[in-house]
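Q: My questions will all concern the structure given below.
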Amino acid sequence: MPELPEVEVVRRYLDEHLPGSEIESVDVKLPRLLKNASPEAFGAALKGRVFAAVRRKGKYLVLGLDGPKSLLVHLRMTGRLVWKADPGARLPPYTRIVFQLSKGVLAYGDVRTLGELWLIPSQGLSGVPGFDALGPDALDPKLTAEGFARALRAGRSSVKAFLLNQRNLAGVGNIYADEALFLAGIRPERPCAAVSAQEAERLFKTVRQVFETSIESGGTTFRDFLDGSGREGGNAANLYVYGREGKPCRVCGTAIELTHIAGRGTRFCPKCQS
Ligand SMILES: [Zn+2]
């Protein structure tokens, strides 16, 4: 599932190409992806509108438009937003929605069709509960290591569950939670209250470190993720624990273990993490 780095990679690409482009037509091939509009209402709200900046909070993308409504997208498991300069370009497989633009074509593709699109007010609250309730974005410059440590140490869950809760910190999912905990040397099942302030601040830094490394590498592709131009990301080669159960730890050589925490497969090194 795309997490913050993958969504940010897509955002950067779309933000280079969409602003200033007008939506000429919208073809919705799978209406149930639209969470608060019929295909007719969706098309009517978007046709003739011009794209503004593309923003991101957590794993959500906001495709800003010049009118009263903008477009909110969550890619969930296998969603993709791909822009091509050539309006007649071959679109990726599993394309479900096609936006013909004054400059190029934007395709929403989705293999498992769990993605979600909403029309939201361009100003103010979106009315989408999962979006309006998000905690601070993990890369929000206003967020400090001290503030993060204070919130984490007041948590009542395991440290892994805390990281996955989007109300605490928006953007972290299963891959990067495991990677950040590995680099911080913290076992994922440890209760938040048993994490020291120093460890929590270190974890804040490793969360940002794994995100920045992944963004620079174009995101992590295991099976499905494609960036905004339709290319796979290169970050899988940088991972320490995710997807590496049974393989030797890249730091100490001990076999990486797999357990289940907060309902999610969780990988860790029994020697490097305590
Ligand atoms: Zn190790």
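Q: State whether the residues of segment 40-62 include one that is assigned to a loop (DSSP other than H, G, I, E, B), hydrophobic (A, V, I, L, M, F, W, C) and at pLDDT 95 or above.
A: no
Q: Now for a different question. Search segment 43-93 for residues being surrounded by 19 or more Cβ atoms within 10 Å (Cβ to Cβ) and β-branched (V, I, T), and hand back the single one that is farthest from L163 (Cα to Cα).
A: V82
Q: Sticking with this one: How many residues, within segment 118-168, are of a type in the set (A, V, I, L, M, F, W, C) and closer than 30 Å to A41 by Cα?
A: 8
Q: Residue by residue through segment 256-274, note down the ones that are touching a His at 6+ places or on another chain (Cβ under 8 Å) and within 9 Å of the ligand (Cβ to nearest atom).
A: Of everything in segment 256-274, nothing turns out to be touching a His at 6+ places or on another chain (Cβ under 8 Å) and within 9 Å of the ligand (Cβ to nearest atom).
Q: Of all residues in segment 31-42, which are crowded, with 17+ Cβ neighbours inside 10 Å and within 24 Å of L4 (Cβ to Cβ)?
A: Result: L33, single match.
Q: Here are some residues: R167, R96, R153. Which one is at pLDDT 95 or above and over 22 Å from E3 (Cα atoms)?
A: When all the criteria are applied, what remains is R153.
Q: In segment 256-274, what residues are of a type in the set (G, A, S), in contact with a Lys or Arg (Cβ under 7 Å, 6 or more places away or on another chain) and either surrounded by 12 or more Cβ atoms within 10 Å (Cβ to Cβ) or assigned by TED's automatic domain parsing to the domain that holds E199 (or both)?
A: Within segment 256-274, just A262 meets the criteria.
Q: Among I175, I261, I186, I215, which is touching a strand residue (DSSP E or B) at 6+ places or on another chain (Cβ under 6 Å) and aliphatic (A, V, I, L, M)?
A: Exactly one residue qualifies, and that residue is I261.
Q: When you scan segment 226-243, how many residues do you find that are assigned to a loop (DSSP other than H, G, I, E, B) and either away from the ligand (no atom under 13 Å from the Cβ) or loosely packed, with under 15 Cβ neighbours inside 10 Å (or both)?
A: Number satisfying all stated conditions: 12.
Q: Inspect segment 193-201 for any residue being assigned to a loop (DSSP other than H, G, I, E, B) and within 16 Å of the ligand (Cβ to nearest atom) and give the result as yes or no.
A: no
Q: I would also like to ask the following. Just to check your reading of the model, which residue among G246, G218, G253 is of a type outside the set (S, T, Y), touching a residue at least 24 places away in the same chain (Cβ under 8 Å) and either within 16 Å of the ligand (Cβ to nearest atom) or assigned to a loop (DSSP other than H, G, I, E, B) (or both)?
A: Only one candidate passes the filter, namely G218.
Q: Continuing with this model, one more query. Within the set of pairs 6 or more residues apart or between chains, which connect a residue that is small (G, A, S) inside segment 175-195 to a residue that is within 13 Å of the ligand (Cβ to nearest atom) with Cβ atoms less than 7 Å apart?
A: What qualifies is G185/C272; G185/Q273; G185/S274.
The values are calculated or read from the model by the stated rules, or taken from the named source; none is laboratory data. None of these values were measured; they are calculated from a predicted model. Because the Cβ atoms are built from the backbone with ideal geometry, glycine has one as well, and the counts that use them run over all protein chains shown.
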